[in-house]
Structure formats: structure tokens, C-alpha cells
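The values are calculated or read from the model by the stated rules, or taken from the named source; none is laboratory data. In this text the structure is predicted, and so the values were computed from the model without any measurement. Reconstructed Cβ throughout: ideal geometry from the backbone, glycine too, with neighbour counts over all protein chains shown.
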Amino acid sequence: MAYFLFSPVEKGYGQVANDHVAGRIALRADDAPLWSTTTGCTVEWACVDESLTGKCIEYHNDQWFEFTPRREGKYYVNVSDQDCRDIRGVQLVVMEGTPCRPETYRIRSCTSLATQDDLFIALDSLQKDHSYLLNVDGYLNDFCRFRIGVGGQPKGFPARSIGLQPTPDQTSAERAVRLAWVVTDSLAVSLIGYQLYRRHEKEKKSSLVREVSHEKNTRGESQLHYAAVDTLPERGTYEYQIVGLRNEGVPAWIAQKTVRYRPDPFQPADYLVLRLVYALNTPLTVLVFDAATDRLLQKNDFVQRKGRAWRCYVGEWRDQGILRFRVKVTDHVRKSTREYVVDTQTPE
């Protein structure tokens, strides 16, 4: 028997068949993941109980799946290819009990992802021929399309329940940031390395930025303290996921780090300053270009005032790697132009 969901489209999502628990979709182990969407879904309030999950989940636009293992053991719920209106992603509850009888529910897992990365949720010791309910909802009313599947192999990051606005671990005015983490002895024995993934606040998915080897001393004892340096491309808040790689290939979640990169706006190099020698009340136009590409960055029309230097904040452009600027000043009375090149690169 085959099970189908509506194929994703860009507009005009309809209400999916499994919006209600009676229409829940059966997932089969290691089958191709199914597409679905939370857009247009409603909550069947008689079939959920938020007191069972505490602050982990708030229901807004949920839908239902079911999984019945044909063998007992460990399985992974894999959520992939999320495409959401916001960056919040989906939240997922795995429970056992009689459908639409919350008093019989027992929660096996509850995860609010707060990301659109591909993630897996590990489920230990599932019983053979025992049915489990999966409830998927858009986190904080996010509308998402996604793929979901269950199988014996994990895909993506190990999921953690992540807050939307974590307190930053550190604030940096420097582009280069140092990230440190510690592993336990019990975890270290199975690890072979680490991967650091980074996501800017404007990005939907994380990208691999660093790989670090797991180290041992001459006695074969694992090093437990690690650090890596990353270079931030632009100002903003960054979220790092540090994942441990194991011999058997199942990654372990190690740590989450949040860095707020705020370059000091008062660094002298972040300003272009020109003392313009023109007659009082001379109308001027100043154009600022990227000297490397000749791209116009800013146009400023003003009238010359006595004793005031012209200043232009270029910190945002320096954050993007633009360090040399060409400045063109036009005197509209004399119909003359002067040009300057300013290199703001500071010595190492």
C-alpha cells in the first residue's frame, strides 16, 4: 500500500489530509521521505494536551503521522528540506497512546527546532508492532513545507530544542572569534573529530566552516578541551553548532555557541575624513566608490560650511571586505572635480 501527501507548490497550499489525527499518514522505515506542509493546518484541540509537553511546544498548525516498527530497536526521525516563511522551522512531538485520547499519551520526544537545517531525532528502544504518533507543527506559527521520514540511519544534525533568542555567549568587536568546547571522557572514547557549522541571523541554513580532529596523547588518552578560530564575514548575530563525529558515523551534538559581532563603530579606520578647502556655501557633491570595483557606494550633496570636515562612516563596507575607497568631490560653482584614494586597511 502506498501513502501520498500533496506535492509542494509555491502558492495555494491546501489543507493536508493528515490535518486531523484520523487522517494521519503512516511512515514506513527507510522509505523515501514524504513531503508535507503546515500551511493551512489547524489544531484538533481535543486530541492534544500542552500540559504534557510544557514549554517545549505550542500548537498552532499541526498535523499527524504514525509509525509502527517491524522490529524493535533504535530509529531516527529525519526532518529535511525545510522551507519556511520565517526561520523558526517545525516542532515535533513523538508519543504513544490512543489517538485523540490525551489522557493515554506518553511523550517519547519533544523538540522545537528553531532552525531550517536538516535534523534528526533519535528514538531509543521502540517496540515491535507498537504504534507511535508523530505530531508536527510550525514553531511559533511558522508556515513550513518539509520532508519527513523514519529509518535506521540519521540524516543531518542531531536535534536539540533551541530557543529563538538565546543569550549571546560572547560579543566581539573583532572579525576573528575563538570558539571553545569541552567533551566528557565517556563521549570522547567514541569521537574521531568535530565539525563547526555557522548560521548568520539572516540565513536559513547552517554551513560547515571548520573541521577539527579529535586528539589523543601518547598514552592514548583523549584531549577533552578544544578551540577553533573563525572569521566572521559581516556584522550580526551568528549561531554555531558543534557536532562530534563518531566511529560508527552517528554524529553527537556537542555544543551551541552564539556570537554577536559588533565592530566598534568608533574605530578611526571606520571613517573617511576629508578637510575640504572650498569657499563658504559652495554646493558640493561627494561620491564614494569601492576603489577595487569602481562600484558607487554613496552620494552626498551638501553646502560647504566653515570649519567642518567631511566625514563618512564606512564600517559597514569594511565589514564586507571593502578597505580601499575612491572619493570624488565636485565643486558645482567652479565646475571642478578632485579625487582621493583612501586605504583603511589597518596593519596586523
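I'd like to check something: does region 28-46 contain any residue that is assigned to a helix (DSSP H, G or I) and surrounded by fewer than 21 Cβ atoms within 10 Å (Cβ to Cβ)?
The answer is yes; a qualifying residue exists.
Any idea which residue in region 106-143 is surrounded by the fewest Cβ atoms within 10 Å (Cβ to Cβ), counting only those that are over 18 Å from the mean Cα position of the chain (by Cα) and under 27 Å from Leu208 (Cβ atoms)?
Ala122
One line per residue, one yes/no per condition, for (1) modelled with pLDDT under 95; (2) hydroxyl-bearing (Ser, Thr, Tyr); (3) touching a strand residue (DSSP E or B) at 6+ places or on another chain (Cβ under 6 Å):
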site: Gly149; (1), (2), (3): no, no, yes
site: Gly152; (1), (2), (3): yes, no, no
site: Gly156; (1), (2), (3): yes, no, yes
site: Leu164; (1), (2), (3): yes, no, no
site: Thr167; (1), (2), (3): yes, yes, no
site: Gln170; (1), (2), (3): yes, no, yes
site: His200; (1), (2), (3): yes, no, yes
site: Ser206; (1), (2), (3): yes, yes, yes
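Filter region 284-297 down to residues that are surrounded by 13 or more Cβ atoms within 10 Å (Cβ to Cβ) and among the acidic types (Asp, Glu), then give me how many there are.
Total satisfying the criteria: 1.
State whether one or more residues within region 55-63 are at pLDDT below 90 and outside any loop (DSSP other than H, G, I, E, B).
Within region 55-63, one or more residues are at pLDDT below 90 and outside any loop (DSSP other than H, G, I, E, B).
How about region 298-317: which of its residues are farther than 11 Å from Leu280 by Cβ and either more than 29 Å from the chain's Cα centre (by Cα) or surrounded by fewer than 14 Cβ atoms within 10 Å (Cβ to Cβ) (or both)?
Scanning region 298-317 gives Gln298, Lys299, Asn300, Asp301, Phe302, Ala309, Trp310, Arg311, Cys312, Tyr313.
Residues of region 64-84 being among the hydroxyl-bearing types (Ser, Thr, Tyr), assigned to a strand (DSSP E or B) and over 21 Å from the mean Cα position of the chain (by Cα), which ones?
Tyr75, Tyr76
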